[in-house]
Amino acid sequence: MVQIRAFAEADTEAVVALWQEARLVRPWNDPHRDIQRKTTTQPEMFLVADDADSVVGTAMVGYDGHRGWIHYLAVAASQRGTGLGKALVGEAEAMLAALGCPKVQLQVRPDNTDVIAFYESLGYATYEAVSVGKRLESDEAVTP
Ligand SMILES: CC(C)(COP(=O)(O)OP(=O)(O)OC[C@H]1O[C@@H](n2cnc3c(N)ncnc32)[C@H](O)[C@@H]1OP(=O)(O)O)[C@@H](O)C(=O)NCCC(=O)NCCS
């Protein structure tokens with residue numbers, strides 16, 4: 001039976017492998033460093049779905065005092081379509097609501113717009129906004 005629980009350090013390599021399988025890893029985001037960072041901030045909101053000691057899903061959740069965010073939502077290909085993605089989002093929403101968070105949002109990359117139908121089925125609506133960002137720390141290897 002799949003259990004949703006908080007991430008533990010021993011999950012690290014399985015989580016990175018899942019993110020690679022789910023094509024969520026990008027060269028500018030080192031997954032190991034992203035995991036390490038999350039262990040310093042609301043670590044209890046980094047969720048994994050555990051199926052007999054195998055990591056089959058993740059959701060990295062956080063509340064910044066204004067909005068709740070979900071990053072790295074992933075379900076193993078072998079478990080997709082079974083309601084696990086919905087369960088992870090539901091658990092994320094419940095944790096955020098318990099903190100008084102009024103709204104949860106997330107970003108979908110332009111090459112992954114098929115997933116919007118999944119979010120719409122969970123009551124999410126798209127809205128127009130331009131994302132603006134600036135890195136404070138580079139994850140890309142520095143060439144000598
Ligand atoms: C997106 C993802 C997490 C969905 O997980 P999942 O476990 O397959 O989804 P669920 O089985 O919980 O589906 C929940 C609902 O969404 C619907 N749904 C799921 N994927 C869908 C899709 N691609 N298009 C339309 N509807 C979809 C399901 O039919 C279901 O509807 P229902 O409740 O009416 O039956 C999974 O496909 C995944 O890991 N994708 C790769 C990583 C990714 O793109 N993550 C999102 C980054 S923004």
*Quick one: dipole size for the range 2-121, taken about the Cα centre, charges +1 on Lys/Arg Cβ and -1 on Asp/Glu Cβ, in debye to the nearest 20.*
380
*Taking the simple approach of a point 7 Å from Cα along Cα-to-Cβ for both Glu9 and Ser121, what is their distance in nm?*
3.8
*asked:* Which residue, Ala6, Met45, Leu106, has the largest displacement toward the positive end of the dipole of the range 2-121 when charges sit on each Cβ (Lys, Arg +1; Asp, Glu -1)?
replied: Leu106
*Say each of Arg23 and Lys103 gets a label point 7 Å from the Cα, pointing the same way as Cα to Cβ; how far apart are those two points in nm?*
3.0
*Solvent exposure ordering (accessible area, 1.4 Å, most first) of Glu128, Glu21*: Glu128, Glu21
*At what distance in angstrom do the alpha carbon centres of the range 17-81 and the range 95-109 lie from each other?*
15
*Once you have the Cα-Cα distance between Gln79 and Val132, take 0.36 nm times their residue separation minus that, and quote the gain in nm to one decimal.*
15.7 nm
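What's the carbon and sulfur percent of the chain's accessible surface, probe 1.4 angstrom, rounded to a whole number?
53
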*Could you give me the radius of gyration and the Dmax of the chain, taking only the C-alpha atoms into account and expressing both in angstrom?*
15.1, 49
*Scan the range 83-137 for chymotrypsin sites (Phe, Trp or Tyr not before Pro) in coil per DSSP, keeping those whose Cβ has at most 14 other Cβ atoms within 10 Å, and list them by number.*
Tyr127
*Environment charge at Ala14 (Cβ cut-off 10 Å; Lys +1, Arg +1, Asp -1, Glu -1)*: -4
*From the phi of every residue in the range 40-49, what ³J(HN,Hα) in whole Hz does the Karplus formula 6.51 cos²θ - 1.76 cosθ + 1.60 yield, where θ is phi - 60° and glycine or proline is x?*
9, 9, 6, x, 5, 9, 9, 9, 10, 9
*Would you work out which of Leu136, Gly85, Gln20 lies farthest towards the positive end of the dipole of the chain? Charges go on Cβ: Lys and Arg +1, Asp and Glu -1.*
Leu136
*Could I have the simple spin-label model distance between Asp53 and Thr113, label points 7 Å from Cα toward Cβ, reported in nm to one decimal?*
4.5
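The values are calculated or read from the model by the stated rules, or taken from the named source; none is laboratory data. Keep in mind the model is a prediction, meaning the values are calculated, not measured. Here the Cβ is made from the backbone with ideal geometry for all residues, glycine too, and neighbour counts use every protein chain on show. The accessibility values were calculated without ligands, DNA or RNA, using every heavy atom of the protein model including side chains. Shrake-Rupley method; radii C 1.70, N 1.55, O 1.52, S 1.80 Å.
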